[in-house]
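Data first, discussion second: the structure below is written as structure tokens.
The values are calculated or read from the model by the stated rules, or taken from the named source; none is laboratory data. Computed from a prediction, not measured in an experiment: that's the story for all the values here. When we count neighbours, we look across all protein chains shown, and the Cβ atoms used for this are built from the backbone with ideal geometry, even at glycine.
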Amino acid sequence: MDTHVLTDEEVARRVQAGDEEAYAIIVDRYSDKLMRYGRRILRSEEDAEDCVQESFIKAYTSIQSFDATRRFSPWIYRIAHNAFVTKIRESARFPTISLDLDTLFPHPIAPDTADRVAIRREMERRVGEGLDTLDPKYREPLVLYYFDELSYQEIADVLHIPIATVGVRINRAKKQLALVT
Amino acid sequence: MGEEINKLKDRVLSEIRSGKAHMEPRWHDVLRGFLYASGAVVLFTGGVFVVSFVHFVLVRNGILAAGGFGFRAFFPVFLALPWMMLLSLAIFVGALFLLVRRYAFVYRHPFVYGVAGVAVFALVGGFVFAQLGVHERIERAIRMGQLPFGEGLYRGYDAFPMQSLYSGVVASPVGANSFVLQTPRQEMLTILYDASRSATGTVTDFDEGDAIMVFGERTGSTTIQATDIRRVDDARFLMHMPRGRRSGFPRMMD
């Protein structure tokens with residue numbers, strides 16, 4: 001069977017059924033993505049590599065808890081996010097936020113529309129240039145949206161924050177970037 | 001860069017193939033889910049119990065009935081609220097929220113919606129439970145010595161004294177300006193009132209043997225100068241009143 005035609009969820013189902021070799025497909029598909037995500041959040045190649053490796057191992061050990069009727073990518077991104085947050089806390093490069101006002105109250109939901117290609121490319125360029133200047137809580141949704149192309153709902157599932165908060169953070173991040181780039 | 005990625009893949013796969021990393025069996029996840037669900041059920045049940053108990057105390061001590069006195073009764077009522085129970089309710093709601101916030105239907109919505117949703121569930125459940133009369137039956141069983149536990153909780157809130165608010169049964173014929181009130185603590189209070197004042201306009205609504213609440217100030221050791229008097233017909237309020245003819249008490253006589 002050509003494994004390229006299998007969806008992530010189908011591959012995950014195979015792994016759940018005991019086909020450990022099928023996990024190589026998952027690792028193959030997500031190594032680049034998670035490394036890119038890790039580099040942008042942690043700003044360290046070595047830390048990103050450690051965390052991504054840890055995330056793959058964690059995903060494998062707990063793959064039975066994955067609900068194969070749902071999308072696989074937010075699930076594995078969530079595991080990676082947790083590994084990155086733990087790493088950040090350990091190194092205490094910046095204070096972690098335990099209570100975030102953005103998540104407390106309802107906000108009007110900013111539209112989760114695909115920007116026109118040109119605008120999107122321009123934003124990707126700006127994000128690439130100005131990412132370091134952003135507060136970490138704005139950096140992560142921006143990276144997931146522009147580089148990993150996750151939807152607002154998927155980002156909400158990765159970060160465990162309200163969907164409306166994803167929109168608020170992305171918009172605030174864009175405004176901050178507009179000032180520095 | 002590609003080489004680094006390949007090394008990463010190799011390390012992950014070799015850990016899996018060597019057996020260093022092994023898949024947790026499905027039942028681990030099922031057990032985890034069961035424990036979370038059990039915790040949520042325990043906390044929800046606790047929250048429901050506390051809400052219904054608070055409701056029981058409010059009705060029983062006449063705090064709800066005191067609302068009829070209007071804003072001037074606000075501070076006495078505020079001070080008489082069962083704050084420890086309300087604090088424990090807040091703890092139950094908070095703990096339940098922390099437990100369920102891992103689920104998408106909670107975290108996808110703003111924090112206030114999540115907390116409010118959990119609180120509303122506990123409140124609705126508590127009010128429904130309160131209608132079953134379970135606390136009244138427990139309290140009666142404790143009073144009759146049939147239950148070896150719970151006395152501290154139930155009797156602790158019994159006839160809770162409230163500043164400026166006095167409850168009891170009218171123990172004498174209602175005179176032109178005074179009558180005697182027997183409180184749940186068997187205290188006999190002389191209630192003085194001015195029948196011509198509109199504030200005590202409800203005074204004609206009650207008679208000897210009725211359960212009432214009096215709003216007024218203590219002017220002597222057993223004398224109260226009433227500014228308002230209300231009859232209370234709620235059977236649950238009347239349960240701990242002194243024996244006698246108690247109007248509005250047909251259902252829960254023991």
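Filter segment B:60-98 down to the residues that are touching an Asp or Glu at 6+ places or on another chain (Cβ under 9 Å), touching a residue at least 24 places away in the same chain (Cβ under 8 Å) and in a helix (DSSP H, G or I) and list them by number.
Matches in segment B:60-98: B:Arg60, B:Ala65, B:Gly68, B:Phe69, B:Arg72, B:Ala73.
Which condition number in (1) within 18 Å of the chain's Cα centre (by Cα); (2) over 22 Å from B:Ala226 (Cα atoms); (3) buried (at least 17 other Cβ atoms within 10 Å of the Cβ) is the one that B:Met23 fails?
Status for B:Met23: all satisfied but (1).
Output the number of the condition that A:Arg169 fails; it satisfies all remaining conditions of (1) surrounded by fewer than 16 Cβ atoms within 10 Å (Cβ to Cβ); (2) in contact (Cβ under 8 Å) with a residue 24 or more places away in the chain; (3) of a type in the set (Lys, Arg).
Among (1) surrounded by fewer than 16 Cβ atoms within 10 Å (Cβ to Cβ); (2) in contact (Cβ under 8 Å) with a residue 24 or more places away in the chain; (3) of a type in the set (Lys, Arg), A:Arg169 violates only (1).
So which residues in segment B:1-39 are closer than 13 Å to A:Phe56 by Cβ and more than 9 Å from every other protein chain (Cβ to nearest Cβ)?
B:Asp10, B:Ser14 - these are the residues of segment B:1-39 that are closer than 13 Å to A:Phe56 by Cβ and more than 9 Å from every other protein chain (Cβ to nearest Cβ).
For segment B:142-151, give me each residue that is exposed (fewer than 14 other Cβ atoms within 10 Å of the Cβ) and either within 16 Å of B:Arg60 (Cα to Cα) or not small (Gly, Ala, Ser) (or both).
B:Met144, B:Gln146, B:Pro148, B:Phe149
Which of the residues spanning segment A:1-42 are in a helix (DSSP H, G or I) and among the acidic types (Asp, Glu)?
Those that are in a helix (DSSP H, G or I) and among the acidic types (Asp, Glu): A:Asp8, A:Glu9, A:Glu10, A:Glu20, A:Glu21, A:Asp28, A:Asp32.
Just one of A:Ala68, A:Ala48 is in contact with a Lys or Arg (Cβ under 6 Å, 6 or more places away or on another chain), modelled with pLDDT under 90 and either within 24 Å of B:Arg17 (Cα to Cα) or within 12 Å of chain B (Cβ to nearest Cβ) (or both); which is it?
A:Ala68
Which of (1) at pLDDT 80 or above; (2) closer than 24 Å to A:Arg39 by Cβ; (3) within 14 Å of chain B (Cβ to nearest Cβ) is the odd one out, the single condition A:Ile163 does not satisfy?
With (1) at pLDDT 80 or above; (2) closer than 24 Å to A:Arg39 by Cβ; (3) within 14 Å of chain B (Cβ to nearest Cβ) applied to A:Ile163, the lone miss is (2).
Tally up the residues in segment A:1-45 that are facing chain B (nearest Cβ under 10 Å) and aliphatic (A, V, I, L, M), please.
Matching residues across segment A:1-45 total 6.
Provide a single number: the residues in segment A:63-86 that are assigned to a loop (DSSP other than H, G, I, E, B) and surrounded by 16 or more Cβ atoms within 10 Å (Cβ to Cβ).
3
If A:Tyr60 satisfies all but one of (1) buried (at least 18 other Cβ atoms within 10 Å of the Cβ); (2) more than 11 Å from every other protein chain (Cβ to nearest Cβ); (3) part of a helix (DSSP H, G or I), what's the number of the condition it fails?
(2)
Determine which member of the set B:Arg17, B:Arg11 is at pLDDT 90 or above, under 30 Å from A:Arg39 (Cβ atoms) and outside the structural domain of B:Arg231 (by TED's automatic domain parsing).
Only one candidate qualifies: B:Arg11.
Collect the residues in segment A:12-30 that are touching a residue at least 24 places away in the same chain (Cβ under 8 Å) and surrounded by 19 or more Cβ atoms within 10 Å (Cβ to Cβ), keeping them in residue-number order.
A:Ala12, A:Val15, A:Tyr23, A:Ile26, A:Val27, A:Tyr30
Looking at this structure, is B:Tyr103 under 30 Å from A:Glu20 (Cα atoms) and either in contact with a Ser or Thr (Cβ under 7 Å, 6 or more places away or on another chain) or at pLDDT below 90 (or both)?
yes
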